[in-house]
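Structure record follows, encoded as structure tokens.
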Amino acid sequence: MGEAIAFYTLSALILLFAILVISVRNTVHSVLFLVANFLFVAALYVLLGAQFLAMIQVLVYAGGIVVLYLFVVMLVKLKQPETHRDPQRRSRLGLALALAVLAEFVVIALYGFVTPAPAGAARPTDAALAVHNVQEIGWALYTDFLVPFEVASILLLVAMIGAIVLARRGM
């Protein structure tokens with residue numbers, strides 16, 4: 001009963017901080033709410049028995065990614081109004097590429113629902129999962145979740161390139 005209360009409390013706090021991330025006007029406050037959100041997600045991982053994921057969540061996301069966001073917020077001058085319209089901007093091409101990526105996501109999701117699970121695939125017990133948590137995560141990442149893992153890495157790469165372009169434009 002206590003674990004259920006802790007789970008629902010953490011889930012409610014994660015949702016609250018996610019709403020605050022997108023609703024506050026100050027970008028620095030938004031990044032701080034994002035840090036709190038990542039820390040509560042790490043606490044949820046600890047509650048679910050995935051200590052390795054909790055540690056990675058704190059180190060990679062609450063540490064590295066948020067520092068990257070703060071650098072972008074500090075480098076990009078967000079207070080200046082947009083006075084320049086780029087004549088070489090390709091809005092239709094961007095929209096077409098975004099729709100293509102969305103179509104790929106839909107195909108990947110449909111393929112995941114249509115493809116049946118292997119008949120002889122035995123899942124490890126909770127005791128085996130506790131002992132080989134890191135190995136199980138590695139197998140899951142590079143077998144079942146390879147495509148979403150690569151899509152997430154491509155999205156992070158695109159975000160990093162966008163941040164560099166925006167930061168260089170202000171110089």
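Brief remarks on what is shown
- Of the numbered criteria (1) farther than 30 Å from V165 by Cα; (2) without any contact (Cβ under 8 Å) to a residue 12 or more places away in the chain; (3) touching a helix residue (DSSP H, G or I) at 6+ places or on another chain (Cβ under 9 Å), the one A12 fails is (3).
- Test: residue in region 67-76 that is at pLDDT 80 or above and of a type outside the set (A, V, I, L, M, F, W, C): no
- Test: L129 is surrounded by 12 or more Cβ atoms within 10 Å (Cβ to Cβ) and either more than 22 Å from the chain's Cα centre (by Cα) or at pLDDT 85 or above (or both): yes
The values are calculated or read from the model by the stated rules, or taken from the named source; none is laboratory data. Note that the structure is a prediction, hence the values are computed from the model and not measured. Cβ sites come from the backbone with ideal geometry, for glycine too, and all protein chains shown count toward neighbours.
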